[in-house]
Every structure is written in structure tokens, then in C-alpha cells.
Amino acid sequence: MLFLRIKQAETALADGRLEETAELLADPDVREHRHGQRLTSELIKAYVKRGREHLEAGRLPAAMSDCTRAAQLGGADPEIESLRTAIGQAMADHDRDGRRRNGMVAAARQQMAQGDVSAAEALVAGLEHSERAEGLLHEADLRRRQAQTAIRRARQCIECDDWTGALNHLAAAMTAHGSNPELAELTGQVVSRIAERTREALVQGRLDLAESLAQRLCGLPTQAVEAAELRRALDECRAAWRCIAAGRFRDGWQSLNRVRTIVPEAKWLVEAIGAAQRAAEAAEHLGAGPLGLLGAQVEPSPSVVPVKHVAAQRAAEVTAPRTKMGGRFAIHADGVGSFLVLSGDRVSIGCGKSSRPDVVVQAETDCATVTFERIDEDYFASSDKPIMVGGRETWRALLSDGVRIELSRRCRLKFLLPNAASTTAVVELCGTRLARGEARRIILMDREIVMGPSAGAHIRTEQLSQPVVMYRREGRVMVRTGEAVTVEGRPYDGEDGIAPGARVAVGGVSMVIVDEA
């Protein structure tokens, strides 16, 4: 019986059935026989030989399996150790190559997301036998076809004078394949044509139409110089109207003159400039006359009131219902931070050296002034000089959540839209601070401000278990929440506004709202 098993082991080894041979040699009687010992040595050599074949073919797990089986039979054999070392080196090289491939695929994926299909293809072109690389190449081919289709449709829209349709198709082409060489030519044609029509509307005094036309260019990454100038002319027109409406006729006159340098052929500007100048001169004349003396008078001192009456009056003022709050106020929350809140559709931020921004920050003298404008549910950033928005230089850009805006080398802002259901935005100061005040975040309030523990809150704090919603109604700041609310230690009924300077306690948060209008 013993010789029969030895004969079976010899036959299995000769046929290359190494695992079957190992099972037969597992019997101690067979393995200890001199023929069994000879077969064991031959089996070790066969495992080492097959392991090297697996190694050369790149089948590293199979090579390591044969090496391990040989080691179990032969112990510390030099041939086995040599094979083990070679397999270990091959595995290290394979891992390193895998990391390199993964890095190249990730870089290609990033280029693809930015619309640079050619760069993505170049990165993965040398990666053979990679399913991820093949998938990227397939996506690149699909994006090229999508871009070509969008470009063809954009050309058809241009021929039909449908500039809105052309812009929509160009935006789709840029998303699919932004590095397509045909896009630059088509974009230039569309920008030039829309800029021409915008100028015509400005000359005719149709500022509403000019504004609508200029808005269509915001989705394009590059704009002609003429388009940027017309955008600035519209901003100056808007600034002129704000100044005139506020009675600052001289400032309005200056803005209108700046518009005239851009569109000198606009005849309506001549009349508007003349009217603004006459209004400024009339206001200055009145201010220099007897009426101006009233503005210089000092208000008389109030009559003396007993201290207890003063204290009662102040307490009544703090808790008085229907107390109005301006469109600019600050929220100081203990343990949370300070926030400057501004309502309105347009808010400007800058250093205030050469302009009068709504919010003045500490920055270099060459710092640009950026204007945040809310149109429907979108936000746009525009400036009087080129700024960096999302790493790209532009005069005006459509903003998205998390985009970074650079006004100068040290003055940087981060635009945030924390809540998808709210059009209230947050501007975070990075590398700068307000010229006055301790707030590091500016809230561009639309309908409401959400304070709470979730990522969708405009003011994030873990001290609250439920969200607190602050909103304005008839000029008053109201609070709505499931938490207990007190104002100056008294329960808040939800019907009256929060008085400026009143101490408000909501859940675990204590805060003061200060009117800065």
C-alpha cells in the first residue's frame, strides 16, 4: 500500500498535478520514506519553478501561493527565499504603480469636470488594461460629441439671430468640452453681438433692456473688453440713480459723467447730466442760504427728568412692541460670534479708498470693490476692476456655494449659500477684517436667517437643539422657533419685534441685535 501511494505521487508530480502530489506526501509514512523525501525535494523545485512562471506573468497572488507551499515543505531554502523576495518587490512595484494610476485617473477626472477633455485624455492615454481609464476615455468621447452637437445648434441660433439660444448652447458646450477650439470663436461672436445690442439700448435710454442683455453674458467665462465697459456703465447708471434718490445730486452728476465717457453718443445723458447739475447747484444754493442755518443748529438739551422716570422710560423702550429695525444690523451671540446683516438686493464690499462701499474692510489701497447682486434666486459679483472669482479673472460672475473671491493679494472672501431652500447668503472674510466692528461674517439677508446646529444654518451653533428663524416684518426683526425665547428676561410671544439692544435668550444661546442703519 505504501509503494502504491508513492507510485501515485510520482505519477501526479510527473503530470504537473502539484496539489495532488502534496496531498499524497502529507502522509507521514510516505513523506519519511526515502522515495518520499526525494519526491518532496522535487515538489519544492516544481513549486518554485511554477511560482517564477506566475511572477513573470504578473500573477502575483498565485506566485505567492506557490512560494508559501514550497516554504511549508522546504523551510528556509535559498531558492524559496529568493522567490519570496522577488514577489515582495513585485508587489511593492505593483502597489506603487496602482497609486500612480489612481492619481492619474483622479487628475483626469478633475480635468474632465473642468471641461478640459483633451487634458483628461492625455493623462489616461498610457494606462493600459484599466477599466477606469477606459471609462474616462469613453466619457471623453461622449463629451466631445455633446460639445459638437451644442456648437452646431449654437451656430444655427446665431444664423437665426437667436442670441439667447446661442448662449444656452454655448454654456452646454463649455460644460461638456470647454477646451474646444471652436468655442472661443463662437463666444467672441456672441459677446460682440450682445455687447453691440447692449450699447444700442444704452444709447436709446432703454436701461432695463440693456441690463437684461448684459445679464446674459454672465455665464460665459470670457467677456470682451467692450462688454465689461458696458457693464460698468450700467453700474454707474444705477449708482447715479441711488445718489439722486438720496439727494446727493453732485455724486449722481459725477456718475452720469462717467457713463458719458463710455457711451458719449447717448443723447439722453446730456439732458440727465444737465438736470443733475442744476439740482446740485440748487441744493447747494439752498444750503448756503438761511435754510442752511437750520442744519447747523444744535438740538436743545432735554429737560431734566427724574432718574426713576428715565429708568422706566428706557425699560419701556426696550420691551416696547413694534420697534422698527433698519436694514443693517449686527447680531452678537455669546460663544457663537458676531455677524453683520444687510438686507437689500445689492451690497458692495471694499476698502473705501476710492469708492463708498456698503461694507468697508481693511485692505491695500489697490483693493477692488465687489458688488453682490441678488437677481431672483441667483447671486452675481461685479467689480470696478478685474477680480479673481473661483481662480479666474473676471469683471462679473455668477456665484455658486463655496466660491472664493479675491479682491487683492490679502483681501479674500468666501461666498456661501448654506441653505438650498433660502436665498440668504453668507460672505466670510478671509485674510481681512471689517474697518469697524468685530464681525467676521456678513449675511446678505433675503427673507430669513436660520440659526441652528445643522449644516444648512446661516449661523451655525451646537448650543441649539432646534433651528431658530429670524425674519423681518414691517421693519421689525421677528423670531420663530420651537425653543423657549425670552427678551430682557420676559417671555417672547412671537407677535412683537426684537428691540435694538435687547438681550435675547434662545435655548442655550444669548444674543443682542444692534441696529447699525
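Just so you know, all these numbers are worked out from the coordinates, no wet-lab data involved. Source: prediction; values computed, not measured. Using ideal geometry, Cβ is built from the backbone for each residue, glycine included, and neighbour counts are taken over all protein chains shown.
Would you please classify the overall shape of the stretch 2-75 from the alpha carbon gyration tensor, given that a ≥ b ≥ c denote the square roots of the eigenvalues, rounded means a/c under 1.5, and beyond that prolate means a/b larger than b/c while oblate covers the rest?
Prolate is the answer for the stretch 2-75, as a/c is 1.5 or above and a/b outweighs b/c.
Report the one residue of Gly58, Ala125, Ser338 whose Cα lies farthest in the direction of the positive end of the charge dipole of the chain (charges on C-beta: Lys and Arg +1, Asp and Glu -1; origin at the Cα centre).
Selected residue: Ser338.
Please tell me the relative contact order of the chain in percent, rounded to the nearest whole number, where contacts are Cα pairs under 8 Å and at least six residues apart. Could you put the intermediate results ahead of the total?
Values: 820 pairs, mean separation 39.4, N = 517.
So the answer I get is 8 percent.
Run the count for the chain, please: Lys pairs, Cα-Cα under 22 angstrom, 8 or more apart or on different chains.
Taking the chain as the scope, the lysine pair count is 4.
Arrange Ser65, Ser41 by Cβ neighbour counts within 10 Å, fewest through most, would you?
The most exposed by this proxy come first: Ser41, Ser65.
Which label marks the calculated value of log10 I(q)/I(0) by the Debye sum over Cα atoms at q = 0.05, 0.07, 0.12 Å⁻¹, given the options [x] -0.44, -0.74, -1.02; [y] -0.30, -0.55, -1.14; [z] -0.42, -0.65, -1.21?
Matching entry in [x] -0.44, -0.74, -1.02; [y] -0.30, -0.55, -1.14; [z] -0.42, -0.65, -1.21: [z].
Out of the stretch 409-517, which trypsin sites (Lys or Arg not before Pro) are coil in DSSP terms and have no more than 12 other C-beta atoms within 10 Å?
Arg409, Arg436, Arg447
Taking a cut-off of 19 Å, what percent of all Cα-Cα pairs in the stretch 345-445 are separated by more than that?
Looking at the stretch 345-445, the distances longer than 19 Å represent 34 percent of pairs.
Treating only the Cβ of Lys, Arg, Asp and Glu as charged (+1, +1, -1, -1), what charge dipole size does the chain show about its Cα centre? Round to the nearest 20 debye.
Its charge dipole is roughly 1140 debye.
Return one number: the angle in degrees, 0 to 90 and rounded to the nearest 10, between the long axis of the Cα atoms of helix 267-288 and the longest principal axis of the Cα atoms of the chain.
60
Exposure proxy check: Phe339, Phe380 ranked by fewest other beta carbons within 10 Å? Write down the numbers at each step before the final one.
Working: Phe339 24, Phe380 16.
The most exposed by this proxy come first: Phe380, Phe339.
Test of understanding: express the Cα radius of gyration of the stretch 103-175 as a ratio to 2.2 N^0.38 Å, with N the residue count. Please report the intermediate quantities before stating the final value.
Numbers: Rg = 14.8 Å, N = 73, 2.2 N^0.38 = 11.2 Å.
Here the Cα radius of gyration is 1.32 times the empirical estimate.
Once Lys and Arg get +1 and Asp and Glu get -1 on their Cβ, which of Thr68, Pro28, Ala9 lies farthest toward the positive end of the dipole of the stretch 2-75?
About the Cα centre, the residue reaching furthest to the positive side is Thr68.
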